[in-house]
Amino acid sequence: MTATASESDTQLINSFDGFAQQVDYSLMKSLAIDPEASADGDDHVPRQVFSGHYVPVTPTPIRESEYVAHSQELFAELGLSNVLATDAQFQSLFSGDSSVASGPMHPYGWATGYALSIYGTEYVQQCPFGTGNGYGDGRAISIFEGVFDGKRWEMQLKGGGPTPYCRGADGRAVLRSSVREFLAQELMHALGVPTSRSLTLYMSRAETVRRPWYSENSRSFDPDIMVNNPAAISTRVAPSFLRVGQLELFARRARSEAHPEAMNELRMLVEHLIARNYQGEIDPSLPFEDQIVELARLFRGRLTALVANWIRVGYCQGNFNSDNCAAGGFTLDYGPFGFCELFDLRFQPWTGGGEHFCFFNQPSAAEVNYQMFWKSLKPLLAHDTEAEAKLDEVRDGFGDAMADAINAMWASKLGLATPDPELANELLGLMLSSKLDYTIFFRRLSDIPDDIDALKESFYSESSEQLDAKWSEWLKRWRAVLKSQGDLSQASASMKQANPAITWREWLIAPAYNQAAKGDSTLINELQQVFSNPYQEPPTELSRYDQLKPREFFNAGGVSHYSCSS
């Protein structure tokens, strides 16, 4: 996709000055600045941040930036002309040079601190100071917040250089991980899964960063070589980037009375979260305590629906800590993620993830993150026992809400009018026995076949007579349920809205970022095209996007599994 104008661009914002006029810094207006921050954003050395919600930081531009890609769909949603993607000032800003800011824009961005919990255990070891006051946005710098067509969006540079939270790292992102995040966000959006979005992707062949990675044809579990990677900056966009981990940080300070304003800073953050992510859903005239209870209820609904959607499309977050859990209830931080090909309940592409963050453990991880969200709200209700009891009741209902969301998801994938957990669980057992491709299987099932033969296109190994017989019995019972509901063609059409025709396949993504490193974005453009319509069968010339994973890519380092060396 190239950044060219069209006739439809005439009513769009086509100048950097016009873009700058959309700015509206609600976070910096509503929340507290770190009192020890510098006035000009020159704040790139690791240090402790004891109070305040954000630190002004100037990003560090990559050298000799080159355009790689932009999201034409998001540009259109924001009312931006495609020509802006290669406008000199626009490209400079989103390549890390905030000095080009004009009009009402600030010549700096901002970074935020947050806390880390892993499965409900609070950690401070990742903070270089052992206190938790140095953990946060180490290389993510928000550079713009504005209102476009009545909607508020925050734009954040990934790989924009070091911040006070960088923990001694270089603050950069490599092209490989930047391409992955850029493409994955737009695929997830097209799949109908709530997510942060991709705006632009720029790279530098003049500036490289060194990271551990895998040698060619490596079968190593951990990276086995060091490689130089082109530096890149991708811009991700969301209504806000507030995380559960942020609430945790301020709740920890409030509980320990870390400073006189600690409780007030927690309240300010929760008020800002409601305004940014739940406006229109929570009545501002309600007492604040009641707003907190409603916030907990709404977030529970969003989080359970999100995780059910992840499983529906085969997505595994890989590292679903509280600091990677958006308080707005959408997918955030595409680091060690992957999409399930060979169906495995324990699918986990990240070498550092373990089973606790694997594919089918995501509901449990979500519940623990929700527990930390609940715990972070508790200090604000310490003097209102009635509201506190209501909050506890919402938390206690998480398990049932999650089960309901999962059961409804399986019903949608099977075309059922009402959930049938027994039928779905029996199917999962058959799927595991048949060693099949998750996406291809459900798409072929969406044709509602009356025998097993059509489904064998998704199998990675030969079936057996005994297994075929079990499949035939299951298909017979399932088809009987669908027939009792009405027209099979309607059920098939409904299933094809729940079961995508294509999915993310790492062995098809790796060539795209390798090609881009040489200045060729052809495969990235092709993937953007394919991923924009994931529920449509790919055209014949792109049929490779609908095929089983080749044997040579199983257990291949950097393809079937990878570290978070980004």
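What follows is calculated from the coordinates using simple rules that are stated; it is not laboratory data. None of these values were measured; they are calculated from a predicted model. Ideal geometry is used to build each Cβ from the backbone, glycine not excepted, and the neighbour counts take in all protein chains shown.
Here are the numbers for this structure:
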item: Cβ crowding within 10 Å averaged over residues, with 435-441, 423-429 ranked highest first; result: 435-441, 423-429
item: Difference of contour (0.36 nm per residue) and Cα-Cα distance, Gln126 to Asp453; result: 112.6 nm
item: For Val49, net neighbour charge (Lys/Arg +1, Asp/Glu -1) across residues whose Cβ lies under 14 Å away; result: -2
item: Low-density loop cleavage sites - trypsin sites (Lys or Arg not before Pro) in the range 339-431, where at most 15 other Cβ are within 10 Å (DSSP); result: Arg346
item: Using alpha-carbon coordinates, inclination of helix 175-190 to the longest axis of the chain, degrees; result: 70
item: Efficiency of FRET between Lys435 and Gln21 - r from beta-carbon atoms, R0 51 angstrom, step 0.05; result: 0.35
item: Helix 522-531 vs. the chain, principal-axis angle (Cα, 0 to 90°, nearest 10); result: 70
item: Å³ per residue enclosed by the Cα convex hull of the chain; result: 158
item: Where labels lie 7 Å past Cα in the beta-carbon direction, separation of Ala493 and Phe288 in nm; result: 5.1
item: Given Lys375/Lys413; Lys151/Lys496; Lys456/Lys476; Lys151/Lys518; Lys496/Lys549; Lys435/Lys496, the pairs whose alpha carbons are separated by over 27 Å; result: Lys375/Lys413; Lys151/Lys496; Lys151/Lys518
item: Inter-label distance, nm, simple model (7 Å from Cα along the C-beta direction), Asp400/Glu386; result: 2.3
item: Net charge of neighbours whose Cβ lies under 11 Å from the Cβ of Asp468, counting Lys and Arg as +1 and Asp and Glu as -1; result: -3
item: The chain - mean residue ellipticity at 222 nm from DSSP helices (-39,500 (n - 2.57) per run, n ≥ 4, rounded to 500); result: -12000 deg cm²/dmol
item: Cα-based convex hull volume of the range 7-241 per residue, rounded to whole Å³; result: 157
item: Angle between the chain longest axis and helix 385-396 axis [Cα atoms, degrees, rounded to 10]; result: 40
item: Lysines whose Cα lies under 29 Å from that of Lys378, excluding same-chain neighbours fewer than 8 positions away; result: Lys29, Lys390
item: Dimensionless Rg ratio for the range 430-566, taking C-alpha atoms and the 2.2 N^0.38 Å reference; result: 1.25
item: Per-residue Cβ neighbour rank within 10 angstrom, fewest leading, Leu247, Leu542; result: Leu542, Leu247
item: Those chymotrypsin sites (Phe, Trp or Tyr not before Pro) in the range 465-532 that DSSP places in a loop and that have at most 10 other beta carbons within 10 Å; result: none
item: Pairwise FRET efficiency - Cys564 versus Ser484, Cβ, R0 = 41 Å, nearest 0.05; result: 0.30
item: Projected-area average for the range 44-109 over all orientations - Cα convex hull basis, square nanometres; result: 6.3
item: Centre separation in Å (Cα based) which lies between the range 509-566 and the range 64-135; result: 25
item: The range 181-231: trypsin sites (Lys or Arg not before Pro) in DSSP loop, at most 15 other beta carbons within 10 Å; result: Arg219
item: Per-peptide average of other Cβ atoms within 10 Å, ordering 485-497, 356-368 highest first; result: 356-368, 485-497
item: Additional length obtainable on full extension of the chain from Val45 to Tyr535, 0.36 nm per residue less Cα span; result: 171.8 nm
item: Efficiency of FRET between Arg255 and Ser99 - r from beta-carbon atoms, R0 41 angstrom, step 0.05; result: 0.50
item: Net lengthening on full extension, Ala76/Arg267 (0.36 nm per residue, minus Cα-Cα); result: 65.2 nm
